[in-house]
Amino acid sequence: MAPTQAAPRPRIITLAPSATELVYAAGAGADIVGTVLHSDYPPTARAIARIGDGVEYSQEAILALKPTLVVAWYPTEASRALAARLQPLNIPLIYANPQTLEGIPALVRDLGNKLGTRTQAEAQAAQLERRIAALRPAPPPAQSVFIEVSTDPLFTLGKDPLINDLLARCGGVNPYANSQAAAPQVSLEAVLHLNPQVLIVSPYGGETLQARTRWWAAHGLRAARAGHLYAVNPDWLHRPGPRLIDAAEAICRDLRAARGAETTRR
């Protein structure tokens, strides 16, 4: 009787850093054969061949790597064009775009099922679910939270279901949650008028936090003068992958600290 041959390993292309992190969490990071410019976590991902910058991709470079699965973040003109090229070759392109925190471990499980790494994926998904369940929100009422994603011009996060779900679990609310844009540009005057109780800044860094605290305080933002500005690693906050749970834990701590300081002053 001839020995049974093992199924060939998948050959995966990831089109976003978050997709790379999700595939690693599912236990199939070693099977990624191509990725985009800013895929840098975990550190071993830095050695993977690059097939684009995350906005544009080289279809020829992707096809040369003979993928069996392509994982993107959300549909773009470039990803749709790539999907049309892959379809006649029976190479699936899937989107990993969680809408809630629970959607992250669900994606890890789904990828594990697709990639033959179910055991590793289940362990990671269960760990993420335990951390989500353990999140401790600040006491009510909800605090208004402005998230600064760039400074000049000033941009924030708006209609982003995943981030708004994170804030709600931490006892916060995004004053721009009903914006039609995912990342609206806003004016200084509008933010001062809204008078958010907490401000989250990125990029991450102590000096950046200090500089932004001084800047907002100089412009009269009460949250800055009260010390309610906090910095979160942008790679945690802006990549919809497993490390968003790190961001959630940090933001929950920050909102509890802000509410505690507010209570003490009363």
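The values are calculated or read from the model by the stated rules, or taken from the named source; none is laboratory data. If you're wondering where the values come from, they're calculated on a predicted model, not measured in any experiment. As a convention, Cβ positions derive from the backbone with ideal geometry for all residues, glycine included, and neighbour counts pool all protein chains shown. When the accessible area is computed, the model is the full protein with side chains, heavy atoms only, and any ligands, DNA or RNA have been set aside. Shrake-Rupley method; radii C 1.70, N 1.55, O 1.52, S 1.80 Å.
Against the numbered list (1) within 30 Å of Arg259 (Cα to Cα); (2) within 20 Å of the chain's Cα centre (by Cα); (3) without any contact (Cβ under 8 Å) to a residue 40 or more places away in the chain, Pro141 comes up short only at (2). Screening the candidates Val71, Val33 for the property of being closer than 30 Å to Leu167 by Cα and touching a residue at least 12 places away in the same chain (Cβ under 8 Å) yields one hit, Val71.
For region 227-254, the candidate set comprises residues that are within 22 Å of Ser150 (Cβ to Cβ) and in contact with a Gly (Cβ under 8 Å, 6 or more places away or on another chain); within that set, the residue that is surrounded by the most Cβ atoms within 10 Å (Cβ to Cβ) is Ile251.
In the set Ser79, Ser58, only one residue is in contact with a strand residue (DSSP E or B) (Cβ under 9 Å, 6 or more places away or on another chain) and free of Cβ contacts under 8 Å to residues at least 12 places away in the same chain; that residue is Ser58. Selection of region 15-67 for residues being polar (S, T, N, Q) and under 23 Å from Glu122 (Cβ atoms) yields Ser18, Thr20, Thr44.
Let me confirm something: among Arg136, Arg130, which residue is out of contact with any helix residue (DSSP H, G or I) (no Cβ under 7 Å at 6 or more places or on another chain) and over 23 Å from Pro10 (Cα atoms)? Just one listed residue meets the conditions, Arg130. Note on region 84-103: residues that are free of Cβ contacts under 8 Å to residues at least 12 places away in the same chain and surrounded by 17 or more Cβ atoms within 10 Å (Cβ to Cβ) total 0. Scanning region 149-163 for residues that are surrounded by fewer than 22 Cβ atoms within 10 Å (Cβ to Cβ), polar (S, T, N, Q) and touching a residue at least 12 places away in the same chain (Cβ under 8 Å) returns a single hit, Thr151. Comparison of Ala78, Ala126 shows that the only residue that is open to solvent by less than 50 Å² (accessible area, probe 1.4 Å), closer than 20 Å to Gly34 by Cα and out of contact with any His (no Cβ under 6 Å at 6 or more places or on another chain) is Ala78.
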